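**Q** Here it is: the structure, laid out below.
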Amino acid sequence: YVGNIFYNTLLTYIDKPEDYIFFDTKTPYTNLAYTMGYPKARSEEFVQALFTQNVNARLNIGGHYKYSTSVGRYDMQDAEQVSVRFFESYNGDVYRNNFTATYNRTAIQENGGIMNDSIITHPETLKENEYDKPDDIPVHFTDQRNTLNTYQLFYAHSLDLAYVERLDEDSLAYDVPVATAFHHIHLLRAHRKFTIDDLSQYKNDYGANLPEMNNSMKSTSDTV
């Protein structure tokens, strides 16, 4: 979809043209939603606000905002996702179109996994109350973050080119299109950033030395 292997793991969180919904409503429509998963300290939350209305019998406009966040079961697993979309649709007798402008942001902390798997696989070896909660279990990294921002414009339209006349059950004539031209444009810009504030953790946790030429590096900020 995005065409870059560095984005593939985050594609699930990005709105795509095939996911878009357009409306045609006689009255303004609003949908507000909020959900939360407990426990509070490690909660998951989702907020949504959707509004759409018809300007006239043929033209509809609207906006859709979504925000979700999760603290995670273990330490340094915070994740959040924001999606903002503005859309428009027009349904004429001959010409029709659908347009949307979308912004998505996904930010995820990377903890590198827990430091000792036996804490999970062999809990009988632990001291009493040594790791009282999952977020007490030590993880490899505490300062890594993956952030993906995408900007999309999508425009699809169609034009009826030729008609034939038909009769309905009451012998009334109506036109049926026999040739229609379709065209769509999809523009996408994606920017991914991976940051580490303290590279020394790689040495401490994995026992590996950084390349000699990079020993002076204390942090990193890589973009694609």
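Okay, residues lined up against (1) in a loop (DSSP other than H, G, I, E, B); (2) touching an Asp or Glu at 6+ places or on another chain (Cβ under 8 Å):
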residue: 48; (1), (2): no, no
residue: 61; (1), (2): no, yes
residue: 73; (1), (2): yes, yes
residue: 76; (1), (2): yes, yes
residue: 102; (1), (2): no, yes
residue: 127; (1), (2): yes, no
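**Q** Follow-up question, since we're still on this one. Is it the case, given these coordinates, that residue 151 is surrounded by 12 or more Cβ atoms within 10 Å (Cβ to Cβ), among the hydroxyl-bearing types (Ser, Thr, Tyr), at pLDDT 90 or above and closer than 23 Å to residue 58 by Cβ?
**A** Against the criterion (surrounded by 12 or more Cβ atoms within 10 Å (Cβ to Cβ), among the hydroxyl-bearing types (Ser, Thr, Tyr), at pLDDT 90 or above and closer than 23 Å to residue 58 by Cβ), residue 151 does not qualify.
**Q** Still on this structure, please answer the following. Which one of these does residue 81 not meet: (1) open to solvent by less than 40 Å² (accessible area, probe 1.4 Å); (2) without any contact (Cβ under 8 Å) to a residue 40 or more places away in the chain; (3) out of contact with any Lys or Arg (no Cβ under 6 Å at 6 or more places or on another chain); (4) more than 24 Å from residue 183 (Cβ to Cβ)?
**A** The number of the failed condition is (2).
**Q** Of the residues 187, 172, which is over 28 Å from residue 15 (Cα atoms), open to solvent by 70 Å² or more (accessible area, probe 1.4 Å) and modelled with pLDDT of 75 or more?
**A** 172
**Q** Taking the conditions exactly as written (at positive phi, in contact with an Asp or Glu (Cβ under 9 Å, 6 or more places away or on another chain) and touching a residue at least 24 places away in the same chain (Cβ under 8 Å)), does residue 113 satisfy them or not?
**A** Answer is no for this residue.
**Q** Which residues, taken from the range 158-198, are without any contact (Cβ under 8 Å) to a residue 40 or more places away in the chain and charged (D, E, K, R)?
**A** Matches in the range 158-198: 165, 166, 168, 169, 170, 175, 189.
**Q** Residue by residue through the range 18-64, note down the ones that are within 18 Å of residue 86 (Cβ to Cβ), among the hydroxyl-bearing types (Ser, Thr, Tyr) and loosely packed, with under 14 Cβ neighbours inside 10 Å.
**A** Correct list: 25, 30.
**Q** Residue under question is residue 163, and the condition is that it be open to solvent by 70 Å² or more (accessible area, probe 1.4 Å), assigned to a strand (DSSP E or B) and among the aromatic types (Phe, Trp, Tyr); does it hold?
**A** In short, yes.
**Q** Output the number of residues of the range 129-141 satisfying the condition of being surrounded by 15 or more Cβ atoms within 10 Å (Cβ to Cβ), in contact (Cβ under 8 Å) with a residue 40 or more places away in the chain and not in a helix (DSSP H, G or I).
**A** 4
**Q** Filter the range 65-77 down to residues that are under 16 Å from residue 133 (Cβ atoms), of a type outside the set (A, V, I, L, M) and in contact with a strand residue (DSSP E or B) (Cβ under 8 Å, 6 or more places away or on another chain) and give me whichever is least open to solvent (accessible area, probe 1.4 Å).
**A** 72
**Q** Tell me which residues, restricted to the range 104-119, are buried (at least 17 other Cβ atoms within 10 Å of the Cβ) and assigned to a loop (DSSP other than H, G, I, E, B).
**A** Answer for the range 104-119, where residues must be buried (at least 17 other Cβ atoms within 10 Å of the Cβ) and assigned to a loop (DSSP other than H, G, I, E, B): just 111.
**Q** Could you list, in sequence order, the residues of the range 120-157 that are of a type outside the set (Lys, Arg), farther than 22 Å from residue 39 by Cα and over 29 Å from the mean Cα position of the chain (by Cα)?
**A** 121, 122, 123, 124, 125, 126, 128
The values are calculated or read from the model by the stated rules, or taken from the named source; none is laboratory data. None of the values given here were measured: they were computed from a predicted structure. Ideal geometry is used to build each Cβ from the backbone, glycine not excepted, and the neighbour counts take in all protein chains shown. What goes into the accessible areas is simple: the full protein's heavy atoms, side chains included, and nothing from ligands, DNA or RNA. Shrake-Rupley method; radii C 1.70, N 1.55, O 1.52, S 1.80 Å.
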